[in-house]
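The values are calculated or read from the model by the stated rules, or taken from the named source; none is laboratory data. Bear in mind the structure is a predicted one, so any value in this text is a computation, not a measurement. Virtual Cβ from ideal backbone geometry, glycine too; neighbours counted across all protein chains shown.
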Amino acid sequence: MTDGPRKKILVVEDDPEIALLLRKVLEKQYAVEHAGDGRAALRVMEHPPQPDLVIADVMMPQLDGISMVRFMKANPNLKKIPVIFLTAKTSSHDVISGISAGAKHYITKPFKIDDVLKKVQSVIG
């Protein structure tokens, strides 16, 4: 564990069970905040401190993950925040759309926790 403040991850997930699982696993190393959809996530990111990483589902009510990332990338204050998609959308078109929108990684559900942790580690340490 480092001496400085823990890095912050914003989990954007409308499935409460998946959100809880991610929180339990990630809170061992990181400060974790949750938003239930893309609109709520953008509201959270308007206020400092901003997350060091966003882990987002693609299919969500209100505002989907791809649209949320496009809003982030268009906002000078949010565009540098890395995003990992964690989604049930598995076609090659979906993966290309996610990466094109600006995601660093695209993990499909069902996922292995180890894969998520490795990708988080590779993005923010």
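Take Gln62 and tell me if it is polar (S, T, N, Q), closer than 23 Å to Asp114 by Cα, over 14 Å from the mean Cα position of the chain (by Cα) and assigned to a loop (DSSP other than H, G, I, E, B). Walk me through how you get there before you give the answer.
On the way: polar (S, T, N, Q): yes; closer than 23 Å to Asp114 by Cα: no; over 14 Å from the mean Cα position of the chain (by Cα): yes; assigned to a loop (DSSP other than H, G, I, E, B): yes.
Against the criterion (polar (S, T, N, Q), closer than 23 Å to Asp114 by Cα, over 14 Å from the mean Cα position of the chain (by Cα) and assigned to a loop (DSSP other than H, G, I, E, B)), Gln62 does not qualify.
I'd like the residue in region 90-125 that is of a type in the set (Lys, Arg) and in a loop (DSSP other than H, G, I, E, B) and, out of all such residues, is modelled with the lowest pLDDT. Quick ask: steps written out before the conclusion?
So the first thing to find is which residues in region 90-125 are of a type in the set (Lys, Arg), and the list is 104, 109, 112, 118-119.
Remaining after also requiring in a loop (DSSP other than H, G, I, E, B): 104, 109, 112.
Numbers: Lys104: 94, Lys109: 90, Lys112: 94.
The selected residue is Lys109.
For Ile84, state whether it is β-branched (Val, Ile, Thr) and closer than 19 Å to Lys7 by Cβ.
Judged against the criteria, Ile84 is a match.
Give region 88-110 a look and list any residue that's under 16 Å from Leu53 (Cα atoms), β-branched (Val, Ile, Thr) and surrounded by 16 or more Cβ atoms within 10 Å (Cβ to Cβ), or say none.
Going through region 88-110, the residues under 16 Å from Leu53 (Cα atoms) turn out to be 98-99, 101-107.
Now narrow it down to the ones that are β-branched (Val, Ile, Thr): 99, 107.
Matches in region 88-110: Ile107 only.
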Discussion item. Which count do you get for residues in region 30-49 that are out of contact with any Gly (no Cβ under 8 Å at 6 or more places or on another chain), outside any strand (DSSP E or B) and modelled with pLDDT of 95 or more?
Written reply: 10
Worksheet entry | Index of the failed condition, Thr87 passing every other in (1) at pLDDT 95 or above; (2) in contact with a strand residue (DSSP E or B) (Cβ under 7 Å, 6 or more places away or on another chain) | (1)
Discussion item. Looking at Ile81, Ile55, Ile9, can you tell me which residue is assigned to a loop (DSSP other than H, G, I, E, B) and buried (at least 16 other Cβ atoms within 10 Å of the Cβ)?
Written reply: Ile81
